[in-house]
Amino acid sequence: MIKINPLGIQTAAWDSFVHAHPDGTFFHLSAWREVIASAFGHHPFYVAAEQDGAIVGVLPLAQVKTRLFGHTLISNPFCVYGGPLAVTAEASRALADHAAGLRESLGAAACEFRFLSPPPEDYLDSAWAPRDALYVTFRRALAADDAAILKSIPRKQRAVVRKGIERGLTATANKDVDGLHAIYAESVRNLGTPVFARRYFRVLAEAFGEAMDVVTVCDGATPVAAVMNFYWRDEVIPYYGGGTDRARACGGNDFMYWEVMRHAAARGCRSFDFGRSKQGTGAFAFKKNWGFVPEPLHYRVLVAPGQALPEVNPTNPKYRLMIAAWKRLPLPVANLIGPMLVRGVG
């Protein structure tokens with residue numbers, strides 16, 4: 001018999017299960033529960049499916065509820081992957097049924113599972129419908145040495161990387177999340193997107209320790225690009241990054257990802273996860289130009305009767321005027337208002 005229990009003090013058992021499961025991802029780890037609660041104030045509902053005293057499934061689930069962007073349950077918010085992770089169809093269905101009941105009791109408009117790979121057909125019932133193919137991910141093997149990595153980069157982008165090398169750009173890997181945030185804030189403001197609070201980056205650094213770092217690129221003494229990276233098994237996952245106007249002029253963004261690849265390979269990583277992007281965006285085009293092939297993500301949603309899944313993304317026409325106006329905001333104003341808005345776009 002399957003029992004559904006909230007994640008209590010059994011974080012070690014939870015994480016052992018995630019590490020052992022072939023479909024486990026960095027975003028299934030138990031630390032995300034406290035990250036989401038501490039950084040955003042959202043209520044996490046992390047539960048495990050147990051049978052005969054052993055964990056047979058986990059579900060990292062959290063409520064995202066704001067006046068502006070609506071009310072949903074997401075596995076996992078602010079993460080690209082998630083959904084029930086189980087060893088049997090019975091356990092997966094029990095977790096999904098629990099999420100469906102929770103959605104109903106909380107009055108949420110929808111519940112979303114963010115699968116990286118298609119779940120087996122018998123793991124969810126037909127009420128969990130595939131979401132549209134708005135999001136894709138970009139992943140590929142990472143070569144082991146610098147020469148092979150450089151050769152794997154398409155010719156046009158390789159030329160930009162060489163330009164950065166010849167210019168004398170430098171890169172460091174450390175935990176300078178404050179320096180990253182300054183660059184990231186300017187970058188996302190220029191894209192018309194609200195910025196995360198600096199505290200969120202600090203919480204991530206504390207939660208993930210040696211499984212996270214920041215690669216920063218300098219042009220002379222000036223930081224021009226930076227990215228936060230997560231490390232999972234033999235994979236590197238560049239997650240939050242950006243560049244200044246100067247970075248575009250000196251090839252800093254391309255040089256940065258080359259340095260991330262080099263640094264990750266030296267750590268023993270053999271896979272590079274460029275993360276999800278929305279089709280039709282600049283990030284989508286950038287990753288394709290780097291030779292990555294887009295792969296559809298297999299999200300599943302359960303929508304309440306008479307409700308619609310909130311479409312909180314920059315391709316939604318209702319946000320076009322907001323995005324255009326945001327790009328013109330002074331940076332201090334954008335940094336003040338942004339964190340209050342972005343907590344609803346999990």
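Residue-by-condition table, conditions (1) buried (at least 18 other Cβ atoms within 10 Å of the Cβ); (2) under 14 Å from the mean Cα position of the chain (by Cα); (3) outside the structural domain of Gly168 (by TED's automatic domain parsing); (4) on the phi > 0 side of the Ramachandran plot:
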position: Phe201; (1), (2), (3), (4): yes, yes, no, no
position: Leu204; (1), (2), (3), (4): yes, yes, no, no
position: Asp213; (1), (2), (3), (4): yes, no, no, no
position: Arg233; (1), (2), (3), (4): no, no, no, yes
position: Ile237; (1), (2), (3), (4): yes, yes, no, no
position: Gly241; (1), (2), (3), (4): yes, yes, no, no
position: Val260; (1), (2), (3), (4): yes, no, no, no
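Could you list, in sequence order, all residues of region 137-161 that are within 20 Å of Ala247 (Cα to Cα), part of a helix (DSSP H, G or I) and in contact (Cβ under 8 Å) with a residue 60 or more places away in the chain?
Leu150, Lys156, Gln157, Val160, Val161, listed by residue number.
Among residues belonging to region 185-239 that are of a type in the set (Phe, Trp, Tyr) and modelled with pLDDT of 95 or more, point out the one that is nearest to Arg167 (Cα to Cα).
Step one: of region 185-239, the residues of a type in the set (Phe, Trp, Tyr) are 196, 200-201, 208, 230-232, 239.
Checking the rest, the ones that are also modelled with pLDDT of 95 or more come to 200-201, 208, 230-232, 239.
Numbers: Tyr200: 33, Phe201: 30, Phe208: 34, Phe230: 28, Tyr231: 29, Trp232: 32, Tyr239: 26 Å.
Checking each candidate, the answer is Tyr239.
For region 180-190, check the following and say yes or no: at least one residue is charged (D, E, K, R), crowded, with 19+ Cβ neighbours inside 10 Å, out of contact with any His (no Cβ under 7 Å at 6 or more places or on another chain) and under 21 Å from Glu34 (Cα atoms).
Among the residues of region 180-190, not one is charged (D, E, K, R), crowded, with 19+ Cβ neighbours inside 10 Å, out of contact with any His (no Cβ under 7 Å at 6 or more places or on another chain) and under 21 Å from Glu34 (Cα atoms), which makes the answer no.
Restricting the search to region 75-87, which residues are among the aliphatic types (A, V, I, L, M) and either farther than 15 Å from Ile36 by Cβ or crowded, with 24+ Cβ neighbours inside 10 Å (or both)?
Correct list: Leu85, Ala86, Val87.
Residues that are closer than 30 Å to Phe272 by Cβ, at least 2 per element: which strands (runs of 3 or more DSSP E) completely within region 16-132 meet that?
54-59, 62-66, 70-75, 110-115
Applying the selection to region 216-231, what residues are part of a strand (DSSP E or B), closer than 17 Å to Arg248 by Cα and not polar (S, T, N, Q)?
Val217, Cys218, Asp219, Pro223, Val224, Ala225, Ala226, Val227 - these are the residues of region 216-231 that are part of a strand (DSSP E or B), closer than 17 Å to Arg248 by Cα and not polar (S, T, N, Q).
The values are calculated or read from the model by the stated rules, or taken from the named source; none is laboratory data. What you see is a predicted model, and the numbers here were worked out from it, not measured in a lab. Quick reminder, even Gly has a Cβ in these numbers, built from the backbone with ideal geometry, and neighbours come from all protein chains shown.
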